């Protein structure tokens, strides 16, 4: 009867399949396979409550062969269902439970890392990408995943090393672009609390130069005269740029430089986000990554 129920489900005769399976479940209430089939039918019907009930019945139910592996697979299926149903909090909880009993294999580590990424948990994702790369040091996917997770976390030096590692395994233009971007971000970041006042001033001067070049490109594209003070947003941005540039160039100590970080961040972000100014350079992308949402020293 179980085979018949599965055949009915495959033929999309869901009510009949469910009826057979529920009858079978009355006879074997702790059956893992029967609960799993009912969970899949509920998932097909977009019934999250019944799906979760039967997925859990399958996870904690009886399996004739390889029960540990089957329960792990069912939990993976439950997690994927919850993500698809946009039940991310519940999916995260199930994923944490899965990590407590998961097999220590590269594929399992990579699956967990990718799933944490889907859930927006880059801290845990990074840990599992690293674990996957340690189990298989030639896994480009794990190395790239670690690079992107570190990048989103703002851990740029780590990201650079992972992207370099991925590039050494497989030369790819997009990875090379990320290496260039990370190098620029590290070189140009003025929010690093460990750098000297001289270096912070130097990085701010460089940032203002990059922003000025972008601003002039925007002005040329929109046929705006930056030397004229009027109401155009580009002209107003240029006036702000000129004022801050004078402030930076006349400042040499951290007590005066640090308060300039927030207004510089606001101006640079505004300039770099302007549309219709041509494709951004790697330095423009670095500026936006560094200064967007910035303003305070990074410890």
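General observations
- At R0 = 30 Å, FRET efficiency that the Cβ-Cβ distance of residue 88 and residue 155 yields, to 0.05: 0.80
- Spin-label zone in the range 146-167 - amide nitrogen under 20 Å from a point set 7 Å from the Cα of residue 183 along the C-beta vector: 147-148, 150-152, 155-167
- Among 98, 252, the ranking by other beta carbons within 10 Å of each residue's beta carbon, starting with the fewest, stands as 252, 98.
- Choice from 181, 135, 236 showing the highest fluctuation, given a GNM over the chain with Cα pairs closer than 10 Å: 236
- Estimated FRET transfer efficiency (residue 80, residue 192; beta-carbon r; R0 51 Å; 0.05): 0.80
- Crossing angle, helix 67-84 versus the chain [Cα axis fit, 0-90 degrees, rounded to tens]: 50 degrees
- By other beta-carbon atoms within 10 Å, ranking 156, 162 with the fewest at the front produces 156, 162.
- Ranked by how many other Cβ atoms sit within 10 Å of their own Cβ, fewest first, the residues 54, 238, 202 fall in the order 202, 238, 54.
- On Cα atoms only, tilt of 32-44 relative to the major axis of the chain in degrees: 50 degrees
- Maximal additional length on extending the residue 256-residue 69 stretch stands at 61.2 nm, based on 0.36 nm per residue less the C-alpha distance.
- In this label model, residue 53 and residue 138 are separated by 5.0 nm, measuring between points 7 Å along each Cα→Cβ vector.
- Compared with the dominant Cα axis of the chain, that is its longest principal axis, helix 197-222 is turned about 90°.
- Reported label for calculated P(r) over Cα pairs in 10 Å bins from 0, in percent given [x] 5, 21, 21, 18, 17, 11, 4, 1, 0; [y] 6, 20, 20, 18, 15, 11, 7, 3, 0; [z] 5, 19, 20, 11, 4, 4, 6, 9, 10, 8, 4, 1, 0: [y]
- Added length on full extension, which subtracts the Cα-Cα distance from 0.36 nm per residue, residue 13 to residue 213: 65.5 nm
- Here the sum of -39500 (n - 2.57) over DSSP H runs of 4 or more residues, divided by the residues of the chain, equals -23000 deg cm²/dmol at 222 nm, to the nearest 500.
- Model label zone, residue 222; criterion: amide N under 15 Å from point 7 Å along Cα-to-beta-carbon; scope the range 229-263: 229-241
- Förster radius 45 Å - calculated FRET efficiency between residue 170 and residue 6, Cβ distance, rounded to 0.05: 0.60
Every read-out reported here was derived from the displayed coordinates using simple, explicitly stated rules and does not represent laboratory data. All values derive from a computational prediction rather than experimental measurement. Virtual Cβ from ideal backbone geometry, glycine too; neighbours counted across all protein chains shown.
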